[in-house]
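Engineer: Got a structure here, written out as structure tokens. Questions coming.
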Amino acid sequence: MSPDQVQDGEQWAHDLSSRFNELWRTPRPPPSSSQSAEPSASRNPADTHTPPSYRTAQNLRNLPLVPRPPGPLDRISIKFRSLLLVLSETPISYENPGLLDEALSVIPLDKIYREAEEETQVFKAQAESVRPGSKPEWGYQDCVIRALLRQVKHQNYLAAQTRASAGALQDHIR
């Protein structure tokens, strides 16, 4: 594409956007029952008129906000934008298949699923005892997550205890 075609396309897009925004900002009066009852062929085109353009704060309040990059001098907005971009890519860093496979080999999945199943049965029994046919407070997936969190807490507690006892042993040896 030549630069003239690109510029024409940008101008066309800008003009189209301007016309759309103008139509969007122009409030339309609600249709009256007498207008809807008349057939369109019997209407006189001279009788119809377009409503005036009202540009009040009330009408502008409902317009969608179009995001724009911060200005070059707005350091706070630039810093916030870069933080958002970095944080939005953080979950992608955990999508390493090798790390996921290693984590799955370390986590005792059988134990977690067994605990989740038992907990799910307890919640179902509690819900049935309160009101027959009612849903339990937590579902199976919720119980799996709760069991996984308990496992992580337990492992972190054991790791902290091991470090603390190793540190106390080294202090005792000195």
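Bear in mind these aren't lab numbers, they're just calculated from the coordinates by the rules spelled out. Keep in mind the model is a prediction, meaning the values are calculated, not measured. Note that we place each Cβ from the backbone using ideal geometry, even for glycine, and neighbour counts take in every protein chain shown.
Engineer: Scan the range 100-139 for residues that are farther than 17 Å from GLN151 by Cα and small (Gly, Ala, Ser) and jot them down.
Structural biologist: ALA125, ALA127, SER129, GLY133, SER134, GLY139 - these are the residues of the range 100-139 that are farther than 17 Å from GLN151 by Cα and small (Gly, Ala, Ser).
Engineer: Give me the pairs, please: first residue somewhere in the range 110-126 and within 9 Å of CYS143 (Cβ to Cβ), second residue anywhere and outside any helix (DSSP H, G or I), beta-carbon distance under 6 Å, and either six or more positions apart or on two chains.
Structural biologist: That search, which allows pairs on different chains as well, returns PHE123/PRO136; PHE123/GLU137; PHE123/TRP138.
Engineer: Can you name the residue in the range 102-115 that is of a type in the set (Val, Ile, Thr) and surrounded by 10 or more Cβ atoms within 10 Å (Cβ to Cβ) and, of all such residues, is farthest from GLN155 (Cα to Cα)?
Structural biologist: ILE112
Engineer: Here's something else I'd like to know. Only residues that are farther than 11 Å from LEU109 by Cα and either touching a Pro at 6+ places or on another chain (Cβ under 9 Å) or free of Cβ contacts under 8 Å to residues at least 12 places away in the same chain (or both): list them for the range 144-153, please.
Structural biologist: Going through the range 144-153, the residues farther than 11 Å from LEU109 by Cα turn out to be 145-146, 149-150, 152-153.
Matches in the range 144-153: ILE145, LEU149, VAL152, LYS153.
Engineer: What's the total number of residues in the range 70-101 that are among the charged types (D, E, K, R), surrounded by 10 or more Cβ atoms within 10 Å (Cβ to Cβ) and not in a helix (DSSP H, G or I)?
Structural biologist: Counting residues in the range 70-101 that are among the charged types (D, E, K, R), surrounded by 10 or more Cβ atoms within 10 Å (Cβ to Cβ) and not in a helix (DSSP H, G or I) gives 1.
Engineer: Please determine, by comparing only the residues of the range 116-135 that are surrounded by fewer than 16 Cβ atoms within 10 Å (Cβ to Cβ) and among the small types (Gly, Ala, Ser), which one is nearest to the chain's Cα centre (by Cα).
Structural biologist: Taking the candidates together, the pick is SER134.
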